[in-house]
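*Asks:* Pasting in a structure now, in C-alpha cells, and then I'll have a few things to ask.
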Amino acid sequence: MSWIKEGELTIIERFCANVIKAGPMPKHVAFIMDGNRRYAQKCHVKRQQGHSEGFDKLAQTLRWCLNLDIREVTVYAFSIENFKRSKEEVDGLMELARQKFSRLLEEQENLKKHGVRIRVLGDLPLLPLDIQELIAQAVLATRNYNNDVSESLLDKCLYTNNSPNPDLLIRTSGEVRLSDFLLWQTSHSCLVFQSVLWPEYSFWNLCEAILRFQMNHSALQKARDLHMEEGKRQQLESDQAYVTNKLQQEGSASHGDSQRRRTLLQKYTALREERIQSFLQALEHKRVDFLERLCTVSA
Ligand code: IPE
Ligand code: IPE
Ligand code: MG
C-alpha cells in the first residue's frame with residue numbers, strides 16, 4: 001500500500017470537497033503538526049505512539065490535499081529546538097522519519113504522476129557555509145549598488161525560492177505561534193490556528209481551515225497586490241535616485257535632459273537585472289553542487 005494512503009473520499013466528503021473547490025483554493029498549504037505528546041497523554045499511550053500516529057496522519061492529510069487539488073504542501077516535522085528533547089525521543093523521531101520518509105521517496109516516481117514533488121527544507125543556520133560565503137561576496141561586490149539588495153532578491157536566495165509562498169498556514173493543538181517556521185514566506189498567508197491535536201486531525205478540520213482562507217481571500221489578495229506594487233515602486237525610486245546621482249556627478253543640470261535621464265534609467269535597470277541574474281545563477285550552481293555532494297556522502 002502506498003504511504004500516501006490510497007482510497008477515495010466518502011460520498012459526503014466528496015460532495016463537500018466539490019462545494020469547497022467551487023471557491024478560491026489555496027495552492028500551497030503549510031502545516032505545523034503539533035500536539036503529538038498531548039495526544040499520547042490523553043489516550044494513555046506511549047509518546048512514541050503519539051509521534052507514529054502523527055506521521056500516519058500526515059499520510060492521510062496528503063491524500064485529502066491531493067483530492068482537493070492542493071499540489072503543494074510544506075510540513076514542519078521537526079525543528080532545531082526539538083533536538084533539545086531527550087535523546088530517546090529524538091532518536092525515536094529520527095527513526096520514524098527515516099522509515100516514513102524513505103518510503104515516501106521510494107514512491108516519488110508514482111507521486112510525480114499526480115504532480116506531487118518532494119522537497120526537504122533546511123533552516124537558515126544550516127545553509128552550507130560556502131553558500132553563506134557566496135551571499136556575503138555578492139553583497140560585497142554590489143556594495144556600490146545598494147539598490148541591488150531588495151526584498152525580492154532575498155526571496156530568491158532562500159531554499160523556498162522556486163515555490164510560491166504558502167496561501168494557508170495551519171497550526172494544530174491550540175498553540176498560536178509560528179515557532180520560526182517559514183516566517184519570511186508567510187507574511188501574506190492566511191494563518192489558521194486550530195485546537196485539535198495533530199493525530200486527531202480530520203478532513204473536516206482541513207475543510208474548516210480552507211473555508212477560513214476563502215472568507216479572507218479577497219483581503220489577502222489585496223494585501224499581496226499592494227505589497228508587490230510597493231516593492232516595484234521602491235525599486236523604481238531607488239533606480240531613479242541612482243540616475244539622479246549619476247547625472248549630478250556628471251555635472252548635468254539638476255533635472256538633466258529628460259531623454260538622457262530615461263536612457264540612463266533603462267540602461268541602469270538592465271545592468272542591475274543582469275548582475276542579479278548572474279548572482280542567482282552562481283547561487284543555484286553552488287546549491288546544486290552542495291546537494292550532489294550531500295547525496296554522494298549519504299549514498
Ligand atoms: C509535534 O508534537 C511533533 C514534534 C515536535 C516532533 P509535539 O511533540 O510538540 O507534542 P506536544 O505539542 O508536546 O503535545
Ligand atoms: C514545533 O515544535 C515544531 C513542530 C511542531 C514540528 P514544538 O511543539 O516543540 O514548538 P514550541 O517550541 O513549543 O513552539
Ligand atoms: Mg508541541
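Just so it is clear, none of the values below were taken in a lab; they were calculated from the coordinates. Because the structure is a prediction, the values reported are computed rather than measured. Neighbour counts run over all protein chains shown; Cβ positions are idealised from the backbone, glycine included.
*Asks:* So how do 189-199, 59-69, 174-184 stack up, highest first, on mean other-Cβ count within 10 Å? List each step's numbers first, then the result.
*Replies:* Values: 189-199: 20.0, 59-69: 18.2, 174-184: 13.2.
Answer by packing, highest mean first, reads 189-199, 59-69, 174-184.
*Asks:* From the square roots a ≥ b ≥ c of the eigenvalues of the alpha-carbon gyration tensor of the stretch 161-299, which class results: rounded (a/c under 1.5), prolate (a/b over b/c), or oblate? The partial results should precede the final answer.
*Replies:* On the way: a/c = 4.07, a/b = 1.75, b/c = 2.32.
Note, shape of the stretch 161-299 comes out oblate.
*Asks:* Between VAL19 and ARG85, what length in nm is gained on full extension when 0.36 nm per residue of separation is reduced by their alpha carbon distance? Please report the intermediate quantities before stating the final value.
*Replies:* Details: separation 66, 0.36 × 66 = 23.76 nm, distance 4.27 nm.
Here the answer is 19.5 nm.
*Asks:* Computed from the mean reciprocal separation of all distinct C-alpha pairs, what Kirkwood hydrodynamic radius does the stretch 155-197 have, in Å? Each step should come with its number before you reach the end.
*Replies:* On the way: mean 1/r = 0.0887 Å⁻¹.
After inverting the mean inverse Cα-Cα distance, the result is 11.3 Å.
*Asks:* Mind listing the Cα extents of the stretch 16-56 along all three principal axes, in Å, largest one first?
*Replies:* 42, 19, 14
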